[in-house]
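Bear in mind these aren't lab numbers, they're just calculated from the coordinates by the rules spelled out. Everything quoted here is computed from the prediction, not taken from an experiment. No Cβ is skipped: glycine too gets one built from the backbone with ideal geometry, and neighbour counts run over all protein chains shown.
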């Protein structure tokens, strides 16, 4: 069953949080994981739920040879 | 000031030197002095001292800021942070002096004052600022109507030639197409959601002044379907030497139409009958050579649009590739819905199947043009055959196998 907007945002946040330190997730990885559990979820909902998380500062885009979505953390490259 | 004996050599010789420019900035911008010092050290040690990537950006966007740090921050403190900002350029790179002054004032205030007009994708590149300066710089830029461009695994800022604004050969309005596609894909430009970069470039004619065929994943190159327009009186003038070749841009004053134009036609589709130029337009491959040589006598036709090509990229996973024709002719009229829909279909298929850092051209190489054409709903056409006499587009359907099971023959020599 498709999740409501708020439920979807939290679901994605938990996915990203759970993957932190283990696997870097791209937007498409998140979409695939959501659709695996909730096949009737419109793809556009996932896109805008990610946007909500980024705009709210709960998640950030990172670049490490590709663009990923992660929980904000201390910038490793900036350390001496 | 850091001592830079190796860099100093780059100031000698006839060419303009970026070292001279950096030295001019160094007294007022300490980070530029450190930049010279670190560069000198890299020249000496033959290794880079830059780290790049990370999490820097502006709120809400995942593109447009490229994190850059020195791995020698104690020695070169001005380079502890030295991030790049990409600013989405206006279509065709047209600026007013006022717009340029506004941009540079913002960069003088919030960055190193070093910039690159323009990067390979087409953006204005602001080089060197600290993390805490990114958001204020972004706010000032947006207040003046600018936006940052694409970077990372995203739609990159589309770019185009100046098109009909300055060029009579343009077969469509490149600047309008570029603007419309930029607006259409704003979400994908600012929020990276692709396997890797995706570049769109628009060239108004087959001269391809933005080199889209080699530098963009998807190139739209202006082309015509009807006949090259000929002004026979101007042809005569070229033969008689009254008109200079290439509008005066050639190294000879008088054109030898037979030797310099007719004999160099790659498909040999033209000939002279006395002082009259004849063209078999069905054989013309739109190379533009004759039109470039005799711009006052020859012009592209009037039934115009573009050829869409896909797949070029520099070597990343596979070697360098040039683009491949996927749509031989597309009408390019506002609001460019056909192109927008095709672009969305391609990026959707690529996002679904592409691996991390795999460009769309590499995915096509891996999965086959046949799978690509079927997925995006494009018909296979002769112009898409990359290697003559090798047809990769034979589609096998279930009905074919069923027919075979019933004993039907596919190929016969009768």
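As a footprinting exposure proxy, order B:174, B:131, B:302 by other Cβ within 10 Å, with the fewest listed first.
By the 10 Å Cβ count, ascending, the order reads B:302, B:131, B:174.
Defining a contact as two alpha carbons under 8 Å apart and six or more residues distant in sequence, what relative contact order in percent does chain A show?
35
Return one number: the angle in degrees, 0 to 90 and rounded to the nearest 10, between the long axis of the Cα atoms of helix A:27-37 and the longest principal axis of the Cα atoms of chain A.
40
Where does the stretch B:5-143 land on Rg(C-alpha)/(2.2 N^0.38 Å)?
Output field value: 1.08.
If I take every Cα pair under 8 Å that is 6 or more residues apart in the stretch B:84-180, average their sequence separation and divide by the length, what percent do I get for the relative contact order? Don't skip to the answer; put the middle values down first.
Values: 136 pairs, mean separation 32.9, N = 97.
Reported as a whole number, the value is 34 percent.
Using just the Cα positions, wrap the stretch B:255-414 in a convex hull and report its mean projected area in square nanometres, one decimal place. Walk me through the numbers on the way to the answer.
Numbers: hull surface 61.5 nm².
For the stretch B:255-414, the mean projected area of the Cα convex hull comes to 15.4 nm².
Counting pairwise Cα distances across the stretch B:158-312, what percent come out greater than 20 angstrom?
Result for the distance tail: 54 percent.
Just to be sure I understand the curve: with the Debye formula and one point per C-alpha of chain B, what is log10 I(q)/I(0) at q = 0.08, 0.09, 0.12 Å⁻¹?
For chain B at q = 0.08, 0.09, 0.12 Å⁻¹, log10 I(q)/I(0) is -0.59, -0.72, -1.09.
For B:400, B:147, what ranking results if the residue with the fewest other Cβ atoms within 10 Å of its Cβ goes first?
Working: B:400 13, B:147 16.
Listed from fewest to most nearby Cβ atoms, that is B:400, B:147.
Calculate the radius of gyration of the Cα atoms of the protein assembly as shown to one decimal place, then report Dmax, the largest Cα-Cα distance, as a whole number, both in Å.
When restricted to the Cα atoms of the protein assembly as shown, Rg and Dmax are 26.7, 85 Å.
Using the count of nearby Cβ atoms within 10 Å as a rough guide to exposure, how do B:157, B:312 rank from fewest to most?
Fewest-to-most ranking of B:157, B:312: B:312, B:157.
For the stretch B:70-227, what are Rg and Dmax over the alpha carbons, in angstrom?
17.3, 66
Residue B:370 versus residue B:18, label points 7 Å from Cα toward the beta carbon: distance in nm?
4.7
Report the calculated FRET efficiency for residue B:97 and residue B:10 (r = Cβ-Cβ distance, R0 = 30 Å), to the nearest 0.05. Please list the in-between numbers first.
Details: r = 30 Å, r/R0 = 1.00.
It comes to 0.50.
Ratio of Rg to Rh for the stretch B:300-388, alpha carbon only, Kirkwood?
On the way: Rg = 13.7 Å, Rh = 14.0 Å.
We get a ratio of 0.98 for the stretch B:300-388.
Any idea what the relative contact order of the stretch B:229-299 is, in percent, if you count C-alpha pairs under 8 Å spaced at least 6 apart?
39
Have a look at chain A and give its Rg and Dmax from the Cα atoms, expressed in angstrom.
Reported Rg and Dmax, both Å: 12.9, 48.
The stretch B:217-306: percent of C-alpha pairs farther apart than 23 Å?
Cα-Cα pairs of the stretch B:217-306 separated by over 23 Å account for 22 percent.
By how many degrees, 0 to 90 and rounded to 10, does the Cα axis of helix B:97-110 deviate from the longest principal axis of chain B?
40
Evaluate Rg over Rh across the stretch B:65-142, taking Cα atoms for both radii and Kirkwood's formula for Rh. Let's see the in-between values first.
On the way: Rg = 13.0 Å, Rh = 13.0 Å.
On the Cα set of the stretch B:65-142, Rg over Rh gives 1.00.
Residue B:283 to residue B:318: extension gain in nm, 0.36 nm per residue of separation minus the Cα-Cα distance?
Result for the pair: 9.2 nm of gain on full extension.
Can you compute the FRET efficiency between residue B:273 and residue B:225 using 1/(1 + (r/R0)^6), with r the Cβ-Cβ distance and R0 = 35 Å? Round to the nearest 0.05.
So, using R0 = 35 Å, E works out to roughly 0.90.
In whole angstrom, how far apart do the alpha carbon centroids of the stretch B:271-297 and the stretch B:124-194 sit?
38
Using Cα centres only, tell me the gap between the stretch A:48-65 and the stretch A:1-45 in whole Å.
Answer, in whole Å: 13.
Could you calculate the contour length gain from residue B:334 to residue B:75, that is, 0.36 nm times the residue separation minus the distance between their Cα atoms, to one decimal place in nm? List each step's numbers first, then the result.
Numbers: separation 259, 0.36 × 259 = 93.24 nm, distance 5.48 nm.
Gain on extension, residue B:334 to residue B:75, equals 87.8 nm.
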